[in-house]
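Below you'll find the structure, written out as structure tokens, and then a few comments.
The values are calculated or read from the model by the stated rules, or taken from the named source; none is laboratory data. Note that the coordinates shown come from a computational prediction; the quantities given were computed from them, not determined experimentally. Neighbour counts run over all protein chains shown; Cβ positions are idealised from the backbone, glycine included. Calculation scope for accessible area: heavy atoms of the full protein, side chains included, ligands and nucleic acids excluded. Shrake-Rupley method; radii C 1.70, N 1.55, O 1.52, S 1.80 Å.
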Amino acid sequence: MAAVGTGPDIEELVKRITSHRGVRGFLILNNEGIAIRHSFTEASRELAVQYAALFQSLAMKAKSVLQEIDSNNELQLIRLRSKKDEIIVAPDSKYMLIIIQDAELDKPEVKK
């Protein structure tokens, strides 16, 4: 069996994610919230750990809210947009995918 986070499916997913214009980085977390793959440099590893902890907490809270509103519903995606970033969180039963992309890319250009 392949090591966690290194199988062909994960490699294909990483390739697809990183090929999109504007993607600044990604994390793949296991169900314990530990980053098993990420695109952060060693210098910014602390930032990767911070993203993992905070966004896993957000996803768990969002799942809880949905269950309280409708027990037959299930969280599939969280999209959070700020001035600088757009962060997409896609939780699954085994893994959680977090993508950080540039929020400025889809703004219309101002012509002078």
Within region 77-107, restricting attention to residues that are polar (S, T, N, Q) and out of contact with any strand residue (DSSP E or B) (no Cβ under 7 Å at 6 or more places or on another chain), which residue is surrounded by the fewest Cβ atoms within 10 Å (Cβ to Cβ)?
SER93
Which of (1) outside any loop (DSSP other than H, G, I, E, B); (2) open to solvent by 90 Å² or more (accessible area, probe 1.4 Å); (3) farther than 20 Å from ILE10 by Cα is the odd one out, the single condition GLU74 does not satisfy?
(1)
Only one of (1) open to solvent by 80 Å² or more (accessible area, probe 1.4 Å); (2) free of Cβ contacts under 8 Å to residues at least 24 places away in the same chain fails for LYS63. Which number is that?
(2)
